């Protein structure tokens with residue numbers, strides 16, 4: 001039977017209750033990622049230079065912040081010289 005419009009909902013999960021499948025999936029994926037991160041140096045050394053550099057370039061955004069471009073009309077900030 002359908003709920004009458006305007007009546008409060010009853011049943012179902014309480015707000016804030018975790019979805020069991022999502023929780024289990026996250027745990028499994030975290031464990032896999034942790035193992036892969038531990039093995040990363042060994043696995044990178046097995047690759048040829050081109051492939052190793054390609055992977056490192058893809059990982060850089062997760063380690064270093066992206067540098068913003070400076071518009072040509074504003075230029076670099078002046079710090080008083082090269083001293």
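No lab work stands behind these numbers, since they all come straight from the coordinates. Just so it is clear, the model here is predicted, and its values are computed rather than measured. Neighbour counts run over all protein chains shown; Cβ positions are idealised from the backbone, glycine included.
The label-point distance for residue 57 and residue 45, in a model that sets each label 7 Å from Cα toward Cβ, rounds to 2.5 nm.
Given a 10 angstrom Cα cut-off, can you work out which residue in 67, 57, 28 is the most mobile in a GNM of the chain? Maximum fluctuation in the GNM of the chain, among the listed residues, is at 67. Compared with the dominant Cα axis of the chain, that is its longest principal axis, helix 49-59 is turned about 60°. Considering only 54, 68, 35, the Gaussian network model of the chain with Cα springs below 10 Å gives its largest mean-square fluctuation to 68.
Between residue 21 and residue 69, the C-beta separation translates, for a Förster distance of 41 Å, into a calculated FRET efficiency of about 0.40. Computed from Cα atoms, the angle from the helix 20-46 axis to the main principal axis of the chain rounds to 20 degrees.
Of interest is the spacing of the C-alpha centroids, which for the range 31-56 and the range 1-17 amounts to 48 Å.
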